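Before any comments, here is the structure.
Readers should treat all values here as calculations from the given coordinates under stated rules, not as data from a laboratory. Note that the structure is a prediction, hence the values are computed from the model and not measured. Because the Cβ atoms are built from the backbone with ideal geometry, glycine has one as well, and the counts that use them run over all protein chains shown.
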Ligand SMILES: [Zn+2]
């Protein structure tokens, strides 16, 4: 079972080991070293170094004004957040005045406390639904995380998965590869503390950080109930959070039919550079349109099947999934990369599920 609200931990701890080992291959096309991209004068995107533990960190965007700094997402590992803060201090002597959490998933906000410790007058912004979800879920994540990581390490050392099933020889090798990353993560998460957002908004919030306008917007639901994006009108830069994850969308959570409208709203903004929640920077809107088309494909096919079946609440996912074929999109997202193809297939299975759930809950 996947706990869809907990993507940071889902791959390592909540999947069957078989799926975990698939996930140990490159995720979201991002592995290896930290990468900093200058998007404009005083605007930088950071893709974080990912441990080989199957837990990819969300991207961070740094926007430097004349008076203060605005940061989008505090990432997954406090050590990465500390690295980012050290980098910001090299760029500017201005303090970080604002930190936005684009949504509640912990691979985008575990670093909140690290920023608050470094900049005590920090304002942490979130859409009001995001704050509610964070307050509900994050304290428990932080409590359970170290125990679950420790249990996984112990199981792997005994040649078993988290449920006590003996590993095959191939799985044992992959588990060995995961162990150092898991041990490092355990060391970090022992000291993790929760820091809630301190300022909420409903639809929009415009902030001037000194000769630089930062527009924060909730354009509708998508990946979560409270997705926020950041738009810099002068620089034509858009920071999308996990509404866009490159190169394979993140569809383990969300509202696909509403997500399409949210992406259409996003497409109205005059943006030349888009920072996705994970993965490399985008330089036009073609990927946005591709993701919208994929979601539309899922919604149309699930709805066609529901027309055949009747009231979805009286039916199950199993009656729907065989009627939805998203493979025509596979090459557009994954090319001929086998790992990405496997990730695409896993993603579309979950996309069909959340599309059906969304229809059934109406
Ligand atoms: Zn994410």
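Assuming a ≥ b ≥ c are the square roots of the Cα gyration tensor eigenvalues, decide whether the range 289-342 counts as rounded (a/c under 1.5), prolate (otherwise, with a/b larger than b/c) or oblate. Can you show the working numbers first?
On the way: a/c = 3.58, a/b = 2.09, b/c = 1.71.
In terms of gyration-tensor shape, prolate.
Expected output is a single nm value to one decimal: the length gained when fully extending between residue 215 and residue 144, i.e. 0.36 nm times separation in residues minus the C-alpha distance. What is it? All intermediate terms of the calculation are to be shown ahead of the outcome.
Values: separation 71, 0.36 × 71 = 25.56 nm, distance 3.54 nm.
Gain in length upon complete extension: 22.0 nm.
State the Cα centre-to-centre distance between the range 221-264 and the range 327-347 in whole Å.
20
How large is log10 of I(q)/I(0) for the range 222-362 at q = 0.09, 0.10 Å⁻¹ when the intensity is taken from the Debye formula with one equal scatterer per alpha-carbon?
Those come out to -0.28, -0.34, one per q.
Can you compute the helix-only [θ] at 222 nm over the chain? Use -39500 (n - 2.57) per DSSP H run of at least 4 residues, normalise by all residues, nearest 500 deg cm²/dmol.
Mean residue ellipticity at 222 nm (helix-derived): -13000 deg cm²/dmol.
Please label the shape of the range 151-217 as rounded, prolate or oblate, based on the square roots a ≥ b ≥ c of the eigenvalues of the alpha-carbon gyration tensor (a/c under 1.5 means rounded; beyond that, a/b larger than b/c means prolate, else oblate).
Prolate, because a/c is 1.5 or more and a/b exceeds b/c.
Within the range 114-158, what residues put their amide N at less than 15 Å from the label point 7 Å along the Cα-to-Cβ vector of residue 82?
Zone members listed by number: 114-119.
Along the Cα→Cβ direction, 7 angstrom out, place labels at residue 40 and residue 136. What is the inter-label distance in nm?
Once both label points are built, they end up 3.6 nm from each other.
If eta is 1.567 mPa s and T is 4 °C, what Stokes-Einstein diffusion coefficient results for the chain, Kirkwood Rh from Cα pairs, in µm²/s? Show your work: numbers first, answer last.
On the way: Rh = 20.8 Å.
In µm²/s, the coefficient is 62.
Tell me whether the range 121-191 comes out rounded, prolate or oblate; compute the Cα gyration tensor, take square roots of the eigenvalues as a ≥ b ≥ c, and use a/c under 1.5 as the rounded threshold. Before the final figure, lay out each step's value.
Numbers: a/c = 3.12, a/b = 2.50, b/c = 1.25.
It is prolate, given that a/c is not under 1.5 and a/b is the larger ratio.
Just how far, in whole angstrom, is the range 278-311 from the range 186-219 if you go by their alpha carbon centroids?
So the two Cα centres are separated by 28 Å.
Sorting check: for 228-238, 106-116, 251-261, which peptide has the highest mean count of neighbouring beta carbons within 10 Å, and how do the rest follow?
Numbers: 228-238: 20.6, 106-116: 26.0, 251-261: 22.5.
Ranked by mean Cβ neighbours within 10 Å, highest first: 106-116, 251-261, 228-238.
Viscosity 0.692 mPa s, temperature 37 °C: what is the translational diffusion coefficient of the range 199-281 from Stokes-Einstein with a Kirkwood Rh over Cα pairs, rounded to a whole number of µm²/s?
On the way: Rh = 13.1 Å.
Stokes-Einstein gives a translational diffusion coefficient of 251 µm²/s.
Would you please put 72-80, 121-129 in order of how densely packed they are, using the mean number of other Cβ atoms within 10 angstrom per residue and starting with the highest?
Numbers: 72-80: 25.6, 121-129: 20.7.
Result, highest mean Cβ count within 10 Å first: 72-80, 121-129.
Taking only Cα atoms of the range 320-362, what ratio of Rg to Rh do you get with Rh as the Kirkwood inverse-distance radius? Don't jump to the answer; show the numbers that get you there.
Details: Rg = 11.7 Å, Rh = 11.1 Å.
So for the range 320-362, dividing Rg by the Kirkwood Rh gives 1.06.
How big is the gap, in Å, between the Cα center of the range 82-114 and the Cα center of the range 126-165?
Distance between centres, Cα-based: 23 Å.
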